[in-house]
Amino acid sequence: MSSDGPPDVKRDLLAAIPRLRALAIGLCGKSDRAEDLVQEALMRAWANLSSFQPGTNMGAWLYTILRNEFYTDLRKRRHEVPDPDGMLAATLVTQPSQESRVDLKDLRLALSSLAPPQREAILLVGASGLSYEEAAQMCSCAVGTMKSRVYRARVRLMSLLSYNRGGQQDAAWDGREGGRGDAAAPALVEE
Amino acid sequence: MPEADVMPAHEPGLGPDLRAHLGAQLRAAYREVVNEPIPQRFLRLLDELEHKGAAG
């Protein structure tokens, strides 16, 4: 199949790159790997333009290509990476509580500790602002599954990030209903 | 991985303030990357693909 993409396809691809990149970086962290994923997705998209339905969302289509690579890649290197929670916790603890700049760094670190499907879910829904339905469709899962992933991601992120901050955040934590449901949040801090 | 089953009616421990804070942080981190200029390598790549496509 010759892939002589018309100019508007190139334009649409270009327009989709910033968001695609942001998702790739959300999945992999700021890394060559993230950029390589984007590159690969663009190449595959170009080679398979015939399977793109004009009028549908180019960005969503590109993302489905990218996530396929991401998960394939992940399966290949499964043995390399398992994130030791203890290490992450230690890193967070040793960082001084500071301004929002540091918050973002912590956030990236915390994101990286999530199981990939949860990380993906919170990126799509929480960060990029897609609906549960759109995100579920892009990930080929049920809407309920997507909701559950987002929920779990949120619980975990908040548990990772909150204890690292000053009194303001602690106050927010203290404001919750007394003692119920803590089992949902992984206990990273030893009393 | 069983995951579709855990969906409590409320979100224990997720105070609205913290939740909003997390949401804002997530969107900020995302936006930060979205607003970066498109790396040259992707611009070059698309040009190459376009020319290859046109030639082939």
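The values are calculated or read from the model by the stated rules, or taken from the named source; none is laboratory data. Being a predicted model, the structure only gives us computed values, none of them experimental. In this analysis, Cβ positions are derived from the backbone assuming ideal geometry, glycine residues included, and neighbour counts consider all displayed protein chains.
Couple of notes before you dig in:
- Only listed residue being of a type in the set (A, V, I, L, M, F, W, C) and surrounded by 21 or more Cβ atoms within 10 Å (Cβ to Cβ), chosen from A:Ala22, A:Ala47, A:Ala60: A:Ala22
- Looking only at region A:114-148, and only at residues there that are touching a residue at least 40 places away in the same chain (Cβ under 8 Å) and among the charged types (D, E, K, R), the one that is nearest to A:Trp61 (Cα to Cα): A:Glu134
Every residue, every condition in (1) modelled with pLDDT of 95 or more; (2) hydroxyl-bearing (Ser, Thr, Tyr), yes or no:
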| site | (1), (2) |
| --- | --- |
| A:Val93 | no, no |
| A:Ser97 | no, yes |
| A:Arg119 | yes, no |
| A:Ser140 | yes, yes |
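- Criterion (farther than 25 Å from B:Ile38 by Cβ, in a helix (DSSP H, G or I), out of contact with any helix residue (DSSP H, G or I) (no Cβ under 6 Å at 6 or more places or on another chain) and modelled with pLDDT of 85 or more) met by exactly one of A:Arg67, A:Arg75, A:Arg108: A:Arg75
- Any hit, region A:28-45, residues being out of contact with any helix residue (DSSP H, G or I) (no Cβ under 8 Å at 6 or more places or on another chain), at pLDDT 95 or above and within 12 Å of chain B (Cβ to nearest Cβ): yes
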